[in-house]
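Okay, structure first, notes after.
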Amino acid sequence: MSLWTQAIAGPLAAAVAAMPPGRRLVALAGPPGAGKSTLAAEAAAVLPGATVLPMDGYHLDDAILAERGILHRKGSPESFDAAGFLSLVRRLRDEAEVFHPVFDRTREQSIAGAGRVGPEHRLVLVEGNYLLLDRPIWRELGPLFDLTVMVAAPLDELSRRLRERWQQLGKDQAAVARHLDNDLANARAVLAESLPARLTLSA
């Protein structure tokens with residue numbers, strides 16, 4: 001486990017340990033580049049019965065985004081099937097087994113039914129940018145979680161991490177600049193419009 005994750009896993013693990021028995025849902029919200037996915041994966045590796053459910057599987061397809069004129073804003077709140085995602089989270093409360101889509105970043109596409117939450121998963125770590133967003137539909141998610149966590153970082157650090165991410169995916173300089181502008185716009189929306197979390201972790 002990384003030193004960064006060790007520094008924040010303590011309070012997260014303590015909060016999880018204090019929860020009553022039964023399936024529990026934890027929201028790991030935060031701007032792109034904050035480290036939500038890393039935290040979720042490493043936490044799931046050490047917390048008993050845990051699994052990760054990324055919100056990114058509910059990206060709308062590029063063809064739909066192009067039809068709506070928002071392909072350049074992929075990753076923004078309006079580029080997701082928010083109602084579909086809300087329905088999924090509600091199902092986790094009532095159904096022992098739920099299948100969900102998973103986003104493939106290398107192909108920029110969601111793969112239907114690629115993820116599963118089963119009866120053996122007593123802790124579901126839901127991670128995504130807009131889990132606490134104070135906008136229609138999104139704000140209905142908050143009451144469904146047993147614990148809400150905001151993972152944050154300064155904008156300059158987010159910019160550095162996001163630039164590295166797109167470079168590692170083989171994007172050229174112009175593409176990196178386009179993706180970075182979009183990501184930082186989304187990051188500002190998360191930081192400015194998210195409802196308070198029970199636990200805030202800064203990196």
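Readers should treat all values here as calculations from the given coordinates under stated rules, not as data from a laboratory. This one's a predicted model, so the numbers in the text were calculated from it and none came from an experiment. Methodologically, a virtual Cβ is constructed for each residue, glycine included, from the backbone with ideal geometry; neighbour enumeration extends over all protein chains shown.
Name the residues in segment 59-109 that are closer than 22 Å to residue 146 by Cβ and of a type in the set (D, E, K, R), would you?
Those that are closer than 22 Å to residue 146 by Cβ and of a type in the set (D, E, K, R): 90, 91, 93, 94, 95, 97.
Within segment 37-49, which residues are in contact with a strand residue (DSSP E or B) (Cβ under 8 Å, 6 or more places away or on another chain) and over 16 Å from residue 89 (Cβ atoms)?
The answer is 37, 39, 41, 43, 44, 47, 48, 49.
Among the residues of segment 46-63, write down those that are in contact (Cβ under 8 Å) with a residue 40 or more places away in the chain and either of a type in the set (Ser, Thr, Tyr) or not in a loop (DSSP other than H, G, I, E, B) (or both).
46, 50, 51, 52, 53, 54, 55, 56, 57, 58, 59, 62 - these are the residues of segment 46-63 that are in contact (Cβ under 8 Å) with a residue 40 or more places away in the chain and either of a type in the set (Ser, Thr, Tyr) or not in a loop (DSSP other than H, G, I, E, B) (or both).
Testing residue 79 on (1) more than 18 Å from residue 25 (Cβ to Cβ); (2) touching a residue at least 24 places away in the same chain (Cβ under 8 Å), one condition comes back false. Which one is that?
Residue 79 satisfies all of (1) more than 18 Å from residue 25 (Cβ to Cβ); (2) touching a residue at least 24 places away in the same chain (Cβ under 8 Å) except (2).
Residues of segment 33-54 being over 16 Å from residue 98 (Cβ atoms) and surrounded by fewer than 22 Cβ atoms within 10 Å (Cβ to Cβ), which ones?
Residues satisfying the conditions are 37, 38, 41, 42, 44, 45, 46, 47, 48.
So which residues in segment 20-44 are in a helix (DSSP H, G or I) and touching a residue at least 12 places away in the same chain (Cβ under 8 Å), if there are any at all?
Selection gives 36, 37, 38, 39, 40, 42, 43, 44.
I need the strands (runs of 3 or more DSSP E) fully contained in segment 108-203, keeping only those with at least 1 residues that are among the basic types (Lys, Arg).
Once the strands (runs of 3 or more DSSP E) in segment 108-203 are filtered for at least 1 residues that are among the basic types (Lys, Arg), what remains is 109-117.
Scanning segment 64-94 for residues that are outside any helix (DSSP H, G or I) and within 16 Å of the chain's Cα centre (by Cα), which turns out surrounded by the most Cβ atoms within 10 Å (Cβ to Cβ)?
Filtering segment 64-94 for residues that are outside any helix (DSSP H, G or I) and within 16 Å of the chain's Cα centre (by Cα), the one surrounded by the most Cβ atoms within 10 Å (Cβ to Cβ) comes out as 80.
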